[in-house]
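To start, the structure itself, in structure tokens.
No lab work stands behind these numbers, since they all come straight from the coordinates. Given the structure is predicted, the values throughout are model-derived calculations rather than measurements. Cβ coordinates were reconstructed from backbone atoms using ideal geometry, including for glycine residues, and neighbour counts include every protein chain displayed.
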Ligand SMILES: [Zn+2]
């Protein structure tokens, strides 16, 4: 799968997220407000922040797929990371304000007036669990870690809705404090998610490396590929740039090789790296003479 296909996948996933969450957010906030369930409103605001998050991921991806130009000679991949950082700030901010609202309403909770919030919260949990299973199957088939992260998010959304359902049930059974207490739990889940996403983006801005087993695999593949030329990989380094990777390879080779042979070798190295890591967009190859 190349970078463009990855962008397509990210954008499709984001669009599905927006569509699903707009419906869930609207239903939960409206029913929560009508029936006095702050827990369901909090869960609905969580879905609303997911909408903003998916929309920003979509926009970031649209920007990131722009080809390199004079001002950004290595492409615009990090636009996606900046979008992620913005998302994390919005999500964490939403969580903190919901948490604050929950704490202030804990001492004087309003009684929940109907069973509808319970039904909506349970239905939302079921929808989200379904989205988790569907996305996880896709992610496993495509071996995509970003899609896996999406799937896990759907499951944490399901947990958030279950927490809201428990709060509403408690309130209906005569413990009105259960509803804002559940909202506080939902707020905690939202803040946790925002911080985790933000932390991941900070690593990416710091040029986080590909997983070490991937680097080892590239190293082994290059050893096999180059052995017949008497050349071998000395250094394999890489960094993540949004949905793509930039890989640097230093090859030690026979000092008597001609430029034309080195060029052929360089093409083999690039192809070999991309076979192991299809999202390696930029592959830089350097040759050192063997002692
Ligand atoms: Zn969420």
Next item on the list: Treat the count of other C-beta atoms within 10 Å as a stand-in for reagent exposure and order 193, 136, 131 from fewest to most.
Entry: 136, 131, 193
Next item on the list: Output the Cα-based Rg and Dmax of segment 5-126 in Å, rounding Rg to one decimal and Dmax to a whole number.
Entry: 18.2, 61
Margin query: Calculate the FRET efficiency for residue 137 and residue 205 from the Cβ-Cβ distance with a Förster distance of 25 Å, rounded to the nearest 0.05.
Written below: 0.20
Check: Counting only DSSP beta bridges with both residues in the chain, what percent are antiparallel, rounded to the nearest 5?
Finding: 50 percent
Checklist line | Protection proxy ranking, peptides 203-215, 114-126, average beta carbon neighbours within 10 Å, highest first | finding: 114-126, 203-215
Next item on the list: Go ahead and collect, in residue order, the members of segment 237-278 whose backbone nitrogen is under 19 Å from a label point 7 Å along the Cα-Cβ direction of residue 290.
Entry: 249-270
Note to self: How many angstrom lie between the Cα centre of segment 148-213 and the Cα centre of segment 110-135?
What the structure shows: 15 Å
Check: How far apart, in nm, are two points set 7 Å out from the Cα along the Cα-to-Cβ line at residue 122 and at residue 12?
Finding: 3.4 nm
Next item on the list: Specify the angular offset, from 0 to 90 degrees and rounded to the nearest 10, of the alpha carbon long axis of helix 259-276 from the longest principal axis of the alpha carbons in the chain.
Entry: 20 degrees
Note to self: Per q in 0.16 Å⁻¹, report the Debye log10 I(q)/I(0) for the chain, using one uniform scatterer on each alpha carbon and no solvent.
What the structure shows: -1.14
Item checked: Angle between the chain longest axis and helix 3-34 axis [Cα atoms, degrees, rounded to 10] -> 10 degrees
Checklist line | Additional length obtainable on full extension of the chain from residue 34 to residue 100, 0.36 nm per residue less Cα span | finding: 21.7 nm
Next item on the list: Would you give the gap between the C-alpha center of segment 27-46 and the C-alpha center of segment 240-262, rounded to a whole Å?
Entry: 56 Å
Margin query: Sorting check: for 159-171, 38-50, which peptide has the highest mean count of neighbouring beta carbons within 10 Å, and how do the rest follow?
Written below: 38-50, 159-171
Check: How far, in degrees from 0 to 90, does helix 145-172 lean away from the longest principal axis of the Cα atoms of the chain, to the nearest 10?
Finding: 10 degrees
